[in-house]
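The values are calculated or read from the model by the stated rules, or taken from the named source; none is laboratory data. In this text the structure is predicted, and so the values were computed from the model without any measurement. All Cβ positions, glycine included, derive from the backbone under ideal geometry; neighbour counts span all protein chains shown. Heads up: the accessible areas ignore ligands, DNA and RNA and are worked out on the full protein's heavy atoms, side chains in. Shrake-Rupley method; radii C 1.70, N 1.55, O 1.52, S 1.80 Å.
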Amino acid sequence: MASRSGFSRWWAREKRQQQKGTPVVVTMENPNYSVLEIAATGDEAFPATDKGRGKNAKQFTWVLLLKAHHAAGRLASAAALLWALPGAIGKRLVSHRRVDDASEKPHLLLKLIKGLLFFSLAALAFELVAYWNRWHFRQPELHLPEAIEIQGWIHSAYLSWLSFRINYIAYPIQILSNMCIVLFIIQSLDRLFLCFGCFWIRLKKIKPKAEDDGYKYHPMVLVQIPMRNEREVYEQSISAVCKIDWPRDRLLIQVLDDSDDGAIQLLISTEVSKWSRRGVNIVYRHRSATTGYKAGNLKSAMSCEYVKDYEFVAIFDADFQPNPDFLKLTIPHFMGNPELGLVQARWSFVNTNENLLTRLQNINLAFHFEVEQQVNGVFLNFFGFNGTAGVWRIRALEDSGGWLERTTVEDMDIAVRAHLHGWKFVFLNDVKVLCEVPESFEAYRKQQHRWHSGPMHLFRICFPAIIASKISTWKKANLILLFFLLRKLVLPFYSFTLFCVILPLSMFVPEAQLPVWVICYVPIVMSFLNILPALRSSPFIVPYLLFENTMSVTKFNAMVSGLFQLGSSYEWVVTKKVGRSSESDLLPAAAVSKISKLQHVKANKIYKKELALSFLLLTAAVRSLLSAQGVHFYFLLFQGVSFLVVGLDLIGEQMS
């Protein structure tokens, strides 16, 4: 009986729990709404006949209210942004300073863009007049009016323009378009194969293996920190390197200061003295003649007599902060592998979420390290040295000719020469070193100019050496066709030519067809592939696609200047840094950055090539409306607006 009584009490308690309602709490973000709690306790609150239906209706109503509230908030934000955009543009136009190329001379590319803009405006005027007078034909080559049908000299001029367009303009544009489409497909296939290689590495869990655990073997290691006028970051970089876990008698740190500011020299030398007093084996070097940029600085440091006692050299730029276990994770890979010349670590960024520009850079760099560097390291044992966060075998540097001052991409130069001498490279995707990405568009633009002009300049110099080298034919083909031509020359060429020249021109010359899949489908697929290593940035896929096309004018200009050795191909501008050791330093660094801006009285700039291209694309968007080309119109509109935003320097860090 006791057992049945206990079971009955348990059963009654469960029934009471089932009859109780579930409390529902609805919180509204708008302060005009209050918090409401609905607690259904039984038949008193809800009649038995309609209890479930009534409660569901109330919950459904509140869900609809929540969704409506969020939608209204998004619409309000978008409206506020659109409302503020004209004001920001007007303010920027009132107080601006123009920016041309580094040479500050009229550039042929800008003249070409202005010519295309003038042509598009004239063609648009013709088309508007023809559309108003119903002279506009979808396929004008099928029928041209007879002489008796011509309505005045304007009609005659329009018909002459149609004939000239069909016979002399359409064919060259179509040929150039087809060539760019072929290059576009080849480059897309290359990117697709790289992504497949990355997927294979993840599927098979392929990782470079070290024969030593990093605690048994401690060779002599030299650490170099080259810098120039790095007031914001010198302290954190020196501090991080001095904390590297390695026997002090087997580690020497060289701070290679090329600063031309005496105050900064004093600050850096004082910081070095502070760590030297703490027992760290660290030296300060300053060159009297700072020639050759970073390559000259490193070359001078390697000429020291004591360098012959060291086996490896690790290099960190001034904003890089290695973890204490960096050498224990990298040096062991050299053990038992005498052909290994370089171990490259991955970069990690402390200011990824600072603004839209830094987020877009993170997408590009994540793909570069996760896909390009890792795949080339695993399958080819070769990739471009990133110039920092890497460890070189000193014998490999000496065997390859050491640091040369002939280009602004000394890191790629030494990597190519080491590859030609048979040295192998290893990329460690799991070893990350903190650093910064540029927060202002001006700094990012100058960095990208150097990164795209230098490789073409180097290709001109290295091509004979590649042909005459003793490496295998397929390695020569990979170096020339893929490493240099496809990824350094073809990519900026077709991006600028196809999306910034041919696409807007095809609106005024409809006989030159540009397929929709080239404009829309393939770029979106490629953007999805690019964003896979940084999935958290997936909401920015559309801005990323537009911004990459916007940057094509800078990259194309840099590629041409490097290929033909124009004035700006051998120019080095130190990338501006803020000085952050972690994401928690965003607020203090912002205050320091603000003070620095007030001291230097800087202002955002206006970029004429980007502005001219924005007007060209927006003019083409207006023309596309006459032909009811929906996809073309939206692409041209959004791309034109993105060029306008970049041309007015409204992306990235904003200065007063």
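The table for this structure:
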{"quantity": "Rounded accessible area of I331 (nearest 10 Å², 1.4 Å probe)", "calculated": "0 Å²"}
{"quantity": "Rounded percent of accessible protein surface that carbon and sulfur make up, the stretch 392-488, 1.4 Å probe", "calculated": "59 percent"}
{"quantity": "Sequence-separation-based contact order of the stretch 373-495, relative, with Cα cut under 8 Å and 6+ spacing, percent", "calculated": "25 percent"}
{"quantity": "The stretch 340-427, accessible area per residue, ligands and nucleic acids excluded (1.4 Å, Å²)", "calculated": "24 Å²"}
{"quantity": "S469 accessible area, 1.4 Å probe, all protein chains in place, Å² to nearest 10", "calculated": "20 Å²"}
{"quantity": "Relative contact order, percent, the stretch 221-343 [alpha-carbon distance under 8 Å, six or more residues apart]", "calculated": "39 percent"}
{"quantity": "Solvent-accessible ranking of H421, H452, largest area first, probe 1.4 Å", "calculated": "H421, H452"}
{"quantity": "Of all accessible heavy-atom area on the stretch 202-306, the percent that carbon and sulfur account for (1.4 Å)", "calculated": "48 percent"}
{"quantity": "Highest to lowest packing among 186-195, 402-411, scored as the average C-beta count within 10 Å", "calculated": "402-411, 186-195"}
{"quantity": "Cβ-Cβ FRET estimate between K243 and D190, R0 fixed at 45 Å, reported to 0.05", "calculated": "0.65"}
{"quantity": "Neighbour net charge for Q639 - beta-carbon separation under 12 angstrom, K R +1, D E -1", "calculated": "-2"}
{"quantity": "Cβ-based net charge around D317, under 11 Å, with every Lys or Arg adding one and every Asp or Glu removing one", "calculated": "-1"}
{"quantity": "Net charge contributed by nearby residues that have their C-beta within less than 13 Å of K308 (K/R +1, D/E -1)", "calculated": "-3"}
{"quantity": "Sites F199 and M179, calculated FRET efficiency, Cβ-Cβ separation with R0 22 Å, nearest 0.05", "calculated": "0.10"}
{"quantity": "Peptides ranked, highest mean first, by Cβ atoms within 10 Å: ranges 65-73, 487-495", "calculated": "487-495, 65-73"}
{"quantity": "Ordering of 502-508, 276-282, 630-636 by packing [mean C-beta count within 10 Å, highest first]", "calculated": "502-508, 630-636, 276-282"}
